[in-house]
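The structure under discussion appears below in the form of structure tokens.
The values are calculated or read from the model by the stated rules, or taken from the named source; none is laboratory data. Keep in mind that this is a model prediction, so the values were computed, not measured. Glycine gets a Cβ as well: all are built from the backbone with ideal geometry, and neighbour counts include every protein chain shown. Each accessible area value is taken on the protein alone, full model and side chains, heavy atoms only, with ligands, DNA and RNA left out. Shrake-Rupley method; radii C 1.70, N 1.55, O 1.52, S 1.80 Å.
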Amino acid sequence: MARRCPGATVLGRAVLNDHAFLISTDGYASVRPASGEVVHGIVWRLAPRDLAALSAYESLASGLYSAAIMTVQCEGRSVKALVYIGRSRSAGKPKRGYMESIVAAARDWRLPPDYIRRLSRWMPAGMGGTRELEPGDIA
């Protein structure tokens with residue numbers, strides 16, 4: 001984030017309730033509605049220039065992602081956050097090396113260990129994952 005959005009500041013760790021993490025058929029992270037599930041992450045405050053850079057990086061213009069305002073729990077309070085949603089809601093396989101950086105970031109931010117284990121399940125077998133997920137699997 002520091003490289004792409006130098007003006008961004010961390011507001012804290014957050015939880016998006018009733019959603020699940022997935023790797024879409026495009027090979028990138030997204031979330032999908034899932035009753036009783038949670039997605040953990042970080043909320044950032046972005047300057048307008050940073051928001052433009054992040055939206056370009058996430059390929060909003062090409063339709064790879066769309067942006068949605070969602071309510072998350074951040075440091076004990078409800079806040080509105082911009083969440084990038086992948087165009088595909090179907091499960092796929094991650095791009096090579098992709099999940100390793102996501103799991104590393106989750107560890108760096110000290111997200112819950114059980115959540116990190118669930119993220120790790122998306123990694124290919126032999127790369128820290130327990131097995132490769134097949135399309136339609138839910139992490």
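For the range 91-104, does any single residue satisfy the condition of being in contact (Cβ under 8 Å) with a residue 12 or more places away in the chain and more than 20 Å from ARG117 (Cα to Cα)? Outline the logic, then answer.
So in the range 91-104, the residues in contact (Cβ under 8 Å) with a residue 12 or more places away in the chain come out as 91-95, 98-100, 102-103.
Among the residues that remain, those that are also more than 20 Å from ARG117 (Cα to Cα) are: none.
Within the range 91-104 (the criterion being in contact (Cβ under 8 Å) with a residue 12 or more places away in the chain and more than 20 Å from ARG117 (Cα to Cα)), the answer is no, since none of the residues qualifies.
Mind checking which residues of the range 2-39 are touching a helix residue (DSSP H, G or I) at 6+ places or on another chain (Cβ under 8 Å) and either assigned to a loop (DSSP other than H, G, I, E, B) or at pLDDT below 95 (or both)?
ARG4, CYS5, PRO6, GLY7, ALA8, GLY27, TYR28
What are the residues in the range 43-62 that are of a type in the set (A, V, I, L, M) and surrounded by 16 or more Cβ atoms within 10 Å (Cβ to Cβ), if any?
Of everything in the range 43-62, those that are of a type in the set (A, V, I, L, M) and surrounded by 16 or more Cβ atoms within 10 Å (Cβ to Cβ) turn out to be VAL43, LEU46, LEU51, ALA53, LEU54.
Hey, among the residues in the range 46-59 that are part of a loop (DSSP other than H, G, I, E, B) and touching a residue at least 24 places away in the same chain (Cβ under 8 Å), which one's nearest to the chain's Cα centre (by Cα)?
So the first thing to find is which residues in the range 46-59 are part of a loop (DSSP other than H, G, I, E, B), and the list is 46-47, 58-59.
Within this subset, residues satisfying the condition of being touching a residue at least 24 places away in the same chain (Cβ under 8 Å) are 46-47, 58.
Details: LEU46: 17, ALA47: 20, GLU58: 12 Å.
The selected residue is GLU58.
Here is a check on your reading of the model: is VAL83 out of contact with any Leu (no Cβ under 6 Å at 6 or more places or on another chain) and either in a strand (DSSP E or B) or open to solvent by 60 Å² or more (accessible area, probe 1.4 Å) (or both)? Full working, then the answer.
Details: out of contact with any Leu (no Cβ under 6 Å at 6 or more places or on another chain): yes; either in a strand (DSSP E or B) or open to solvent by 60 Å² or more (accessible area, probe 1.4 Å) (or both): yes.
Against the criterion (out of contact with any Leu (no Cβ under 6 Å at 6 or more places or on another chain) and either in a strand (DSSP E or B) or open to solvent by 60 Å² or more (accessible area, probe 1.4 Å) (or both)), VAL83 qualifies.
Within the range 89-101, count every residue that is open to solvent by less than 40 Å² (accessible area, probe 1.4 Å) and under 12 Å from the mean Cα position of the chain (by Cα).
1
Which ones in the range 43-78 are in contact with a strand residue (DSSP E or B) (Cβ under 6 Å, 6 or more places away or on another chain), of a type in the set (A, V, I, L, M) and within 15 Å of ALA2 (Cα to Cα)?
Across the range 43-78, the qualifying residue is only VAL43.
Do you know which residues across the range 20-42 are over 11 Å from the mean Cα position of the chain (by Cα), open to solvent by 20 Å² or more (accessible area, probe 1.4 Å) and farther than 21 Å from GLY97 by Cβ?
PRO33, SER35, GLY36, GLU37, VAL38
Kindly check whether there is at least one residue in the range 65-75 that is open to solvent by less than 20 Å² (accessible area, probe 1.4 Å), among the hydrophobic types (A, V, I, L, M, F, W, C), out of contact with any Ser or Thr (no Cβ under 8 Å at 6 or more places or on another chain) and within 23 Å of MET99 (Cβ to Cβ).
Checking the range 65-75: not a single residue is open to solvent by less than 20 Å² (accessible area, probe 1.4 Å), among the hydrophobic types (A, V, I, L, M, F, W, C), out of contact with any Ser or Thr (no Cβ under 8 Å at 6 or more places or on another chain) and within 23 Å of MET99 (Cβ to Cβ).
Report yes if SER78 is exposed (fewer than 15 other Cβ atoms within 10 Å of the Cβ) and within 13 Å of the chain's Cα centre (by Cα), otherwise no. Please lay out each step first, then the result.
Numbers: exposed (fewer than 15 other Cβ atoms within 10 Å of the Cβ): yes; within 13 Å of the chain's Cα centre (by Cα): no.
Here the answer is no, as SER78 does not meet what is asked.
Go over the candidates SER62, SER66 one by one and state the one that is modelled with pLDDT of 90 or more and in a loop (DSSP other than H, G, I, E, B). Show your work before the answer.
Values: SER66 fails: in a loop (DSSP other than H, G, I, E, B).
It is SER62.
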